[in-house]
Amino acid sequence: MSASLPFFRYHPDPLASGSISASTETCACCKANRGWIYTATFYTAQDVSGRFCPWCIADGSAAERFAGDFTDSYGLVGVSEDVLHEVTRRTPGFHAWQDPHWLVHCQDAAAFLGEVGYAELAAHPEALDQLRTDMRLDGWHDERRLEHFLTGLGEGVTAMLFRCTNCGAHLAYTDAS
């Protein structure tokens, strides 16, 4: 990630995730062309003409000016109001097929690392185990089907990988087209 970009605690590499990209586009908030633009979701009832630079996301001015959020608060249960505000209003969201949501661990929002397939997820066995447990709770009781589904991640279905900002544990949820 470019040293010139603001740091986002809960989305440490928005370039790698595709949420921020190089651009000559002017920011809809500050009206400056800073060489980078946000490319993922923004939820607001207002009509916004254009996209935002990372600095207007980081300082909260884009969310405040346009009364919007970069991420839905779904999933952010048990975090402080400050963390909720930082994730939804001062952190770049990410691209997903379904509505993206943030994971929580150790009573704090986790850091979004990116969209991954099975090979990348298998490098984090605790995330794979957590995903298996969640899927069993959601009704996946046939172990062969569950494993077939997981090993097929990256082919029309992916996992969103997160890391706990406190203990370093990895977490994931699946996203499908």
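In a DSSP loop and with at most 14 other Cβ atoms within 10 Å, the trypsin sites (Lys or Arg not before Pro) in segment 2-66 are ARG9, LYS31.
Dipole size of segment 84-149 about its Cα centre, with +1 on Lys/Arg Cβ and -1 on Asp/Glu Cβ: approximately 140 debye, rounded to the nearest 20.
Our coupling estimate for segment 47-62, obtained by passing each phi through the Karplus curve with A = 6.51, B = -1.76, C = 1.60 and θ = phi - 60°, is 8, 10, 9, x, 10, 10, 7, x, 5, 6, 6, 4, 8, x, 5, 5 Hz, Gly and Pro reported as x. Only Lys, Arg, Asp and Glu count, each charged at its Cβ (+1, +1, -1, -1), so figure out the dipole size of the chain about its Cα centre, rounded to 20 debye. Dipole of the chain, to the nearest 20 debye: 480 debye.
How much net charge surrounds LYS31 when only the other residues with a Cβ under 13 Å from the Cβ of LYS31 are counted, with Lys and Arg +1 and Asp and Glu -1?
Details: positive: ARG34, ARG51, ARG65; negative: GLU25.
So the surrounding residues net to +2.
Under a 5 Å amide H cut-off, with hydrogens placed 1.01 Å from N, LEU171 pairs with PHE162, ARG163, CYS164 among residues at least 5 apart or on other chains. Each principal axis of the Cα cloud of the chain was evaluated for its coordinate range; sorted largest first, these ranges are 53, 33, 32 Å. A simple count of charges around ILE57, restricted to other residues whose Cβ falls under 9 Å of its Cβ and scoring Lys, Arg +1 and Asp, Glu -1, yields +1. Its relative contact order, with pairs defined as Cα atoms under 8 Å and 6+ residues apart, puts segment 28-177 at 21 percent. Mind checking which of PRO14, PRO125, PRO92 has the largest fluctuation in a GNM of the chain, springs on alpha carbons under 10 Å? Of PRO14, PRO125, PRO92, the Gaussian network model singles out PRO125 as fluctuating most. Across THR158, THR24, THR71, mean-square fluctuation computed from a Gaussian network of the chain (C-alpha pairs under 10 Å connected) peaks at THR24. Segment 40-92 and segment 113-177 have their alpha-carbon centroids 26 Å apart. Rolling a 1.4 Å probe over the heavy atoms of the protein chains gives segment 62-125 an accessible area of 49 Å² per residue.
For the chain, the longest principal axis of the alpha carbon atoms and the long axis of helix 125-137 meet at an angle near 80°. A Stokes-Einstein calculation at 25 °C with viscosity 0.890 mPa s, built on the Kirkwood radius of segment 36-119 over Cα pairs, returns a diffusion coefficient of 183 µm²/s.
Rounded to the nearest percent, how much of the accessible area of the chain (1.4 Å probe, protein heavy atoms only) is carbon and sulfur?
Details: 4320 of 8820 Å².
That fraction is 49 percent.
The values are calculated or read from the model by the stated rules, or taken from the named source; none is laboratory data. Because the structure is a prediction, the values reported are computed rather than measured. Reconstructed Cβ throughout: ideal geometry from the backbone, glycine too, with neighbour counts over all protein chains shown. We work out accessible area using only protein heavy atoms, side chains counted, and drop any ligands, DNA or RNA first. Shrake-Rupley method; radii C 1.70, N 1.55, O 1.52, S 1.80 Å.
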